[in-house]
Amino acid sequence: MNYRALNPEDIQVFSEAISTFFERMTQRPARVRTAYMLDRPETILWNDFNGVIQVSGGFRGAISFSAPQGLLTEVLAAMGETEQSLENVLDVAGEIANILSGRARRHFGEALDIATPISCVREGAVIPNLAAGPAYAIPHTWGPYEAHLVVHLDLVQRR
Amino acid sequence: MEPGKLMSKLLIVDDSSIIRNHIARLMANSRLPRIDIVGLAGDGRKAVEMAKTARPDYITMDLTMPHMDGEACIGEIAQLLPDARILVVSALSDKATALRAISRGAHGFVHKPFSDETMIQSLLELMS
């Protein structure tokens, strides 16, 4: 099967999803910084908490959102949540993954087979990834914190 | 609320506890009519059980949930409580998903992530 690499519009869909989450749920927008290409083939979970979606079918790869605990704790506070447990911090990461999943489905269509979004704490771990094309990291700053969206996805070649 | 009128009942269904709590807080702090939150369910199966006993007038319903997803849950609750009005609150924002949910018995759709104002307005419309 032929695959094509992501284009900037594909990546922007996910970046906008993250921005919209911060703007609507916390009333404090995140700042999107310049995307860059990662030089290793795996999808790396590189921060305290991670929300991940993996896709298959006519598509292949993974999309992840990695954030430090301080950022997610402040998101909870901004939402009015007083219970700042590990479970709730993970829930924020999972909810962001859920939103990435919804945006992916809307942008790429029902042909995208998306596994249930997961949230995890495995800093430094690597997600097995079938995508052959490059992975892109898009840093987002929110207050003093920096989080990363990593998009590593191959798309079916459109003829 | 009019004297003698029973308070309306709301069931909140979402597998995310922070979203369940967030909607509950909005209900408490907004211009919405006073409403009794009769349950917070984290999956579709639990929501059906709660609906049987609490008999809510209004329901906010996530779609992607463990055990029983939102679409199946809407179908069961629509049969159980035909007068209950269901607002889908989901990150799945494509048209086909919305149409399927409405064909099962949902009355409205809010896309995640939602602003406070959007959620309050959608609940007001659901209750009008």
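Below is a table of values for the structure above.
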{"quantity": "Whole-number percent relative contact order across chain B, with pairs defined as alpha carbons under 8 Å at least 6 apart", "calculated": "23"}
{"quantity": "Relative contact order [Cα under 8 Å, 6+ residues apart], chain A, whole percent", "calculated": "39"}
{"quantity": "Amide N of the range B:96-128 lying under 14 Å from the label point, which is placed 7 angstrom from the Cα of A:E16 along Cα→Cβ", "calculated": "B:113"}
{"quantity": "Shielding of A:88-94 by partner chains, average beta-carbon count, 10 Å", "calculated": "3"}
{"quantity": "Per-residue ³J(HN,Hα) for the range A:20-36, Karplus 6.51 cos²θ - 1.76 cosθ + 1.60, θ = phi - 60°, Hz, x for Gly and Pro", "calculated": "5, 4, 5, 5, 7, 8, 10, 6, 10, x, 8, 9, 8, 9, 5, 6, 9"}
{"quantity": "Proximal charge balance of A:E110 [Cβ under 13 Å; K/R count +1, D/E count -1]", "calculated": "+2"}
{"quantity": "Derived scalar couplings ³J(HN,Hα) [the range B:69-80; Karplus, 6.51 cos²θ - 1.76 cosθ + 1.60; whole Hz; x for Gly, Pro]", "calculated": "6, x, 4, 5, 5, 4, x, 5, 5, 4, 6, 6"}
{"quantity": "Cleavage-rule hits, trypsin sites (Lys or Arg not before Pro), the range A:73-154, DSSP coil, Cβ neighbours within 10 Å at most 15", "calculated": "A:R122"}
{"quantity": "Other protein chain Cβ atoms within 10 Å, averaged over every residue that makes up B:60-69", "calculated": "1"}
{"quantity": "At most 13 other Cβ within 10 Å, DSSP loop - trypsin sites (Lys or Arg not before Pro), the range B:12-49", "calculated": "B:R31, B:R34"}
{"quantity": "Percentage relative contact order, the range A:71-151, counting C-alpha pairs under 8 Å, at least six apart", "calculated": "23"}
{"quantity": "Within 10 Å of each Cβ in A:69-81, the average number of Cβ atoms from other chains", "calculated": "2"}
{"quantity": "Distant-in-sequence amide H partners of B:V110 (H built 1.01 Å from N, under 5 Å)", "calculated": "B:V88, B:V89, B:S90"}
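Where a number appears in this text, it was derived from the coordinates with a stated rule and is not lab data. Given the structure is predicted, the values throughout are model-derived calculations rather than measurements. Positions of Cβ are backbone-derived with ideal geometry, glycine not excepted, and every protein chain shown enters the neighbour counts.
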